[in-house]
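> Below you'll find the structure I mean.
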Amino acid sequence: MKSALLLPILLVLSGCKPKGDELKIGVSAPLTGDISALGQSTRNAITLVQEEASAGLTLGGRQMKVRFIVEDDENKPESTATVFQKLISQDKVVAIIGSQSSKCSNAGAPIAEAARIPQVTPWSTNPNVTKGRKFIFRACFIDPFQGRVVAQFATGRLKSRTAAVVFDVASDYNKGIAEVFRDEFTRLGGRIVGFETYNTKDTDFSAQLTKVKGANPEVLFLPNYFNEVPLQVQQARKLGLTATILGGDGWDNPELVKLGGAVMDGAYFSNHYSPDADSPVARTFIAKYTARFKAVPDAAAALTYDSARLLLQAVATAGKADPRAIRDALAATSGFQGVTGAISFAGTGDPVKGAVVIRIEKGKFVFDSAVNP
Amino acid sequence: MGVLVQQLLNVAQLGAVYALIALGYSMVYGIIRLINFAHGDIFMLGGFIGLLIGVRLPWLPVYVMMPLAMILTALAGVLVERVAYRRLRNANRMSVVITTLGVGIFLENLVRLTVGPETRQIRSGMPTASVAWLQGHLGVYVTWDKVLIILVSFSLMAILWLVVNRTLVGTAMRAVADNKDVVPLMGVNLNLIIAGTFAIGSALAAAGGIFYGQAYALDPYMGIDLGWKAFIAAVIGGIGSIEGAVLGSFLLAGVEVATVAYLSSNLKNGIAFGLLILLLLVWPWGIMGKPGMRKV
């Protein structure tokens, strides 16, 4: 009696009709939560790729439709783990794009690795995400490179000798890049006069900034996210701090200048690409994106677009919808032309690619200089 | 010297915001022994109501916008009490606690859905120039909006103290706090007094939310962390006591800022709350609280 009831339920739950003609790719994105503006860029970029791939793929003589399944991970590690589990065991995706922040990708990666499902994160720059893992890739450079770029920029172009850092100690990304900057800045002969921390969601930084003000540094490095940086800069300026403000790719979202306004002018940050990038792929993407969504694509959108296309190319090379074959094709990628530059994987999941430094001028992001590894 | 004064002003500003929230916790608990965990979200709601008024009616000066937002938030607080808490006044404690938590989550999601999840700031039009005298004499950078926040908060708290200790309504509130079963027999309208308490607490929280949105930023989930901190400040001060809520708030802000200034910003919450737990072990009723003298 009981089992007679149970069987149909189980059939419904397991999605009894297996659809063989669909290639399913999961996307884990922060659609809500503290960096939801970035989740929106992720969704926009995926929408563009979905439309471009509307013709589908021919794999092993069989025509397959491509379907992206976008799930909300709220920029929380625990929700990301749930999303990854759901995508893998319930939706049976062949690969996952995401998540965006390093702390979330770090939570998802062990699950993808254990299930042997390839994961491409667009925007997670923390080294640990791919370290020691065979199925995890990323489309962006890593923090040690970015931290070095900013430190070199500070000592080289800005000729500064003293620096302070204020960063979110509860987030892998912020902490990692702050530490690399500290080491590299010291190695280049500079002096770190302040190394202050706070916790995610704090909005009052006056105690830390007052301490920094006392040390009077020439540059203040804020390797934090776009939703917090304007508050930090405003509060720093209100305390009379005159240091040049520097940041990392976590700054790259229109919200940064919307929230900060004029106070952000004259600051610099390292980024994956500049919206005035000049390659055919980038120009097409930027034009398409701007026309469709009435907004300039941020780096997260560009990197998500690159990740999705990278993955689709790997599926085509593999010639079958098999996660392991896709993984091998991804690992063998060389000279892929993306919006954010050429991507090659040299034995690890971390691509070899360059960075740019952007200057904020009258609320606009302007290309300042390029750095290659 | 300059840095010390600057840090003290940071304490004053943060403590004032904590105090405006903590007063609501303390008053409601004092009167009906209810810990309203949705109070942090009322604070958030007040900030967003101020933001929306500012966006819709940008020509409205801040000294009109603020009272208006405080009145609207007070109404929201009364509505919450009427809809969600009144029926449960004599229910068991667990149901009430769960209801207050539920109301909080409801308010967070309501604001997220209607306003959006992005971080927002209230542009108040308050002067943001630094106070020249302080800058000249002490080398301290203090902007006028900071000074106004501190002054207005203190004035609001003083008004509250006068209302509770020097008016008839205040007498009735203190009487209800003393014994809510006997007071109605004396012809006092219990529901009205409780609604009034929620209104005052919510209005003060709204002032705190608006200041917070001007000095720092608003997001729909900010009430959780700040609500907890203000609640803890109220407990430290002795929950149920108005002076205690204010004292506890400045104490908490002081310990937080001092930890960052003289130890390490890494230890901020750990040390602050460790000390507070120690304090409560020594002083279980809170600094200004009185031990319960109820007979069995």
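The values are calculated or read from the model by the stated rules, or taken from the named source; none is laboratory data. Predicted model only: the values in this text are computed from it and were never measured. Here the Cβ is made from the backbone with ideal geometry for all residues, glycine too, and neighbour counts use every protein chain on show. Each accessible area value is taken on the protein alone, full model and side chains, heavy atoms only, with ligands, DNA and RNA left out. Shrake-Rupley method; radii C 1.70, N 1.55, O 1.52, S 1.80 Å.
> Looking at (1) out of contact with any strand residue (DSSP E or B) (no Cβ under 6 Å at 6 or more places or on another chain); (2) small (Gly, Ala, Ser); (3) within 14 Å of chain A (Cβ to nearest Cβ), which is the one condition that is false for B:Gly244?
(3)
> Could you give every pair whose Cβ atoms fall below 8 Å, whose first residue belongs to segment A:190-208 and is touching a residue at least 60 places away in the same chain (Cβ under 8 Å) and more than 9 Å from chain B (Cβ to nearest Cβ), and whose second residue is crowded, with 19+ Cβ neighbours inside 10 Å and not in a helix (DSSP H, G or I), counting only separations of at least 6 or pairs across chains?
Hits for this filter: A:Thr200/A:Asp34; A:Thr200/A:Asp168; A:Thr200/A:Ser171.
> Just give me the residues in segment A:144-179 being in contact with a Gly (Cβ under 6 Å, 6 or more places away or on another chain) and within 18 Å of A:His272 (Cα to Cα), in sequence order.
The answer is A:Gln146, A:Ile177.
> Right, something else. Take the residues in segment A:343-373 that are closer than 20 Å to A:Leu330 by Cα and touching a residue at least 60 places away in the same chain (Cβ under 8 Å), then tell me which one is surrounded by the fewest Cβ atoms within 10 Å (Cβ to Cβ).
Looking at the filtered set, the residue picked out is A:Gly354.
> Residues to consider are A:Lys134, A:Lys103; find the one that is in contact with a helix residue (DSSP H, G or I) (Cβ under 9 Å, 6 or more places away or on another chain), open to solvent by 10 Å² or more (accessible area, probe 1.4 Å) and in a loop (DSSP other than H, G, I, E, B).
A:Lys134
> Another one. Here is a check on your reading of the model: is B:Thr73 among the hydroxyl-bearing types (Ser, Thr, Tyr), open to solvent by less than 30 Å² (accessible area, probe 1.4 Å) and touching a Gly at 6+ places or on another chain (Cβ under 6 Å)?
Yes: the conditions hold for B:Thr73.
> Being on the phi < 0 side of the Ramachandran plot and more than 9 Å from chain B (Cβ to nearest Cβ) is the filter here; which residues of segment A:210-225 pass it?
The answer is A:Val212, A:Ala215, A:Pro217, A:Glu218, A:Val219, A:Leu220, A:Phe221, A:Leu222, A:Pro223, A:Asn224, A:Tyr225.
> Restricting attention to segment B:247-264, report how many residues are in a helix (DSSP H, G or I), of a type in the set (Gly, Ala, Ser) and facing chain A (nearest Cβ under 10 Å).
Result for segment B:247-264: 3.
> Given the criteria away from every other protein chain (no Cβ under 14 Å) and without any contact (Cβ under 8 Å) to a residue 24 or more places away in the chain, does B:Tyr63 qualify?
yes
For (1) surrounded by 24 or more Cβ atoms within 10 Å (Cβ to Cβ); (2) more than 12 Å from every other protein chain (Cβ to nearest Cβ), each residue gets a yes or a no:
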{"residue": "B:Gly2", "(1), (2)": "no, no"}
{"residue": "B:Tyr29", "(1), (2)": "no, yes"}
{"residue": "B:Ala38", "(1), (2)": "yes, yes"}
{"residue": "B:Phe43", "(1), (2)": "yes, yes"}
{"residue": "B:Ile53", "(1), (2)": "no, yes"}
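> Please find, within segment B:111-133, the residue that is farthest from the other protein chains (Cβ to nearest Cβ) out of those that are out of contact with any Gly (no Cβ under 8 Å at 6 or more places or on another chain) and touching a residue at least 60 places away in the same chain (Cβ under 8 Å).
Out of the qualifying residues, it is B:Gly125.
> Looking at segment B:144-160, is at least one residue more than 30 Å from B:Val55 (Cβ to Cβ), among the hydrophobic types (A, V, I, L, M, F, W, C) and either within 14 Å of chain A (Cβ to nearest Cβ) or loosely packed, with under 13 Cβ neighbours inside 10 Å (or both)?
yes
> Let me ask something else. Do you know which residues across segment A:295-350 are out of contact with any strand residue (DSSP E or B) (no Cβ under 9 Å at 6 or more places or on another chain), of a type in the set (Gly, Ala, Ser) and more than 27 Å from A:Leu38 (Cβ to Cβ)?
Result: A:Ala325, A:Ala329, A:Ala346, A:Gly347.
> Select, from A:Lys258, A:Lys320, the only residue that is open to solvent by 10 Å² or more (accessible area, probe 1.4 Å) and either of a type in the set (Ser, Thr, Tyr) or closer than 30 Å to A:Gln337 by Cβ (or both).
Just one listed residue meets the conditions, A:Lys320.
> Would segment A:278-291 turn up any residue that is buried (at least 19 other Cβ atoms within 10 Å of the Cβ) and within 14 Å of chain B (Cβ to nearest Cβ)?
no
> Looking only at residues that are in contact (Cβ under 8 Å) with a residue 60 or more places away in the chain and of a type in the set (S, T, N, Q) in segment A:125-173, which one is nearest to the other protein chains (Cβ to nearest Cβ)?
Here the residue is A:Ser171.
> Give the residue that is nearest to the other protein chains (Cβ to nearest Cβ), with candidates limited to residues of segment B:190-215 that are surrounded by 24 or more Cβ atoms within 10 Å (Cβ to Cβ) and not hydrophobic (A, V, I, L, M, F, W, C).
B:Tyr212
Listed here are the residues, each with its yes/no results for (1) out of contact with any Leu (no Cβ under 7 Å at 6 or more places or on another chain); (2) open to solvent by 50 Å² or more (accessible area, probe 1.4 Å); (3) within 11 Å of chain A (Cβ to nearest Cβ).
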| residue | (1), (2), (3) |
| --- | --- |
| B:Pro220 | yes, no, yes |
| B:Ile224 | yes, yes, yes |
| B:Ala234 | yes, no, no |
| B:Gly240 | yes, no, no |
| B:Asn266 | yes, yes, yes |
| B:Ala272 | no, no, no |
| B:Ile277 | yes, yes, no |
| B:Met288 | no, yes, no |
